[in-house]
Amino acid sequence: MPLPLNGRISRRDLQLRAISLPAPLALLVLHQRSAGLAFAQDSDAESTPSLAPTPTCRDDDDVEETVAQTEGPYFTPNSPERTSLREPRMTGTPLRVTGYVYASGCDPVPGALLDFWHCDDAGNYDNEGYRLRGHQFAGDDGQFTLETIRPGIYPGRTRHIHVKVQAPGGPILTTQLYFPDEPENDRDRIFDSSLVMDIEPTTGENSEVTAFFTFVVDAG
Ligand code: FE
C-alpha cells in the first residue's frame, strides 16, 4: 500500500527508519535518465541496485536540506555509471552505503543523480582515471546503494566520502559523508556531525560494513 508522502520527517528519522528495514529486496530497476546533468555524463552501462521499502513520512518533524560542503581538489567529471566501485585486488574493508534521496517536502526523488568519489584504502585518490569514482541514479522510491570500500585517511582530513547529488532539473548539492567514532572527526575543520552516516554493527573484522544516509535536496 502506498505510504503517505505529504508529511514531514527529519533526516535523522529517515536514517533510523532505513537502518531498521529488512534486507533490501532484490528488484531490478530501470532508471530514469535526467536531462541537463551538470556534472556527470551518461554512459551506456545499466545499473541494477536493490530496493527497500519507502520509509513513512510523519507530520511532526521538519525536513532540513542536507548541508553542502566543499568539493575539494580531487573531483573528476564524467565518472562512469556504476553502483559498485570495487575492483579485483582492491584492498580495504568492503563498504555498502545505502539510503534515499528526498526532496524537502518528503517526496522521494526518483532518478536523482548521485556521483561518489573517495580515496583508496591508503588515502590516495586516482586523479588520472576513475578508480573509486562513479555515478548512479536513484530508484523510483529515491533509494540508492553504493558498493565500495571504506576510504582511508590522508593528512589533514578525517575519513570521508565525497558526493554530488542532483534531483532531475534541480541544483547540484556537493557534500561529504562521514563515519561515526573516528578519532579525527573532532580535529577536522570541515567535518559536520549532520553528515555522519549510521553504521550497522558488523560481525567480523573484515566483513562488509553497511552505512545508511538519507539526502534531502532542493528538487528545483
Ligand atoms: Fe577528500
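What follows is calculated from the coordinates using simple rules that are stated; it is not laboratory data. If you're wondering where the values come from, they're calculated on a predicted model, not measured in any experiment. Note that each Cβ is placed from the backbone with ideal geometry, even for glycine, and that neighbours are counted across all protein chains shown.
Structure summary
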read-out	value
Residue list for region 170-183, restricted to those being under 20 Å from PHE212 (Cβ atoms) and within 14 Å of the ligand (Cβ to nearest atom)	THR175, GLN176, LEU177, TYR178, PHE179, GLU182
Count of region 139-152 residues which are more than 16 Å from GLY99 (Cβ to Cβ) and either surrounded by 22 or more Cβ atoms within 10 Å (Cβ to Cβ) or near the ligand (Cβ under 10 Å from one of its atoms) (or both)	1
Some residue of region 162-169 being aliphatic (A, V, I, L, M) and within 16 Å of the ligand (Cβ to nearest atom)	yes
Meets criteria (away from the ligand (no atom under 16 Å from the Cβ), buried (at least 22 other Cβ atoms within 10 Å of the Cβ), under 15 Å from the mean Cα position of the chain (by Cα) and not aromatic (Phe, Trp, Tyr)) for LEU95	no
Residue check for ASP186: under 19 Å from PRO77 (Cα atoms), assigned to a loop (DSSP other than H, G, I, E, B) and either more than 16 Å from the ligand (Cβ to nearest atom) or not polar (S, T, N, Q) (or both)	no
Inter-residue pairs, beta-carbon under 7 Å, first touching a residue at least 60 places away in the same chain (Cβ under 8 Å) and under 15 Å from ASP218 (Cβ atoms) and in region 162-186, second hydroxyl-bearing (Ser, Thr, Tyr) and within 16 Å of the ligand (Cβ to nearest atom), 6+ apart	LYS164/THR174
Looking only at region 140-161, and only at residues there that are out of contact with any Gly (no Cβ under 9 Å at 6 or more places or on another chain) and free of Cβ contacts under 8 Å to residues at least 40 places away in the same chain, the one that is farthest from ALA68 (Cα to Cα)	GLY156
Residue in region 64-83 that is within 30 Å of THR203 (Cα to Cα) and within 16 Å of the ligand (Cβ to nearest atom) present	no
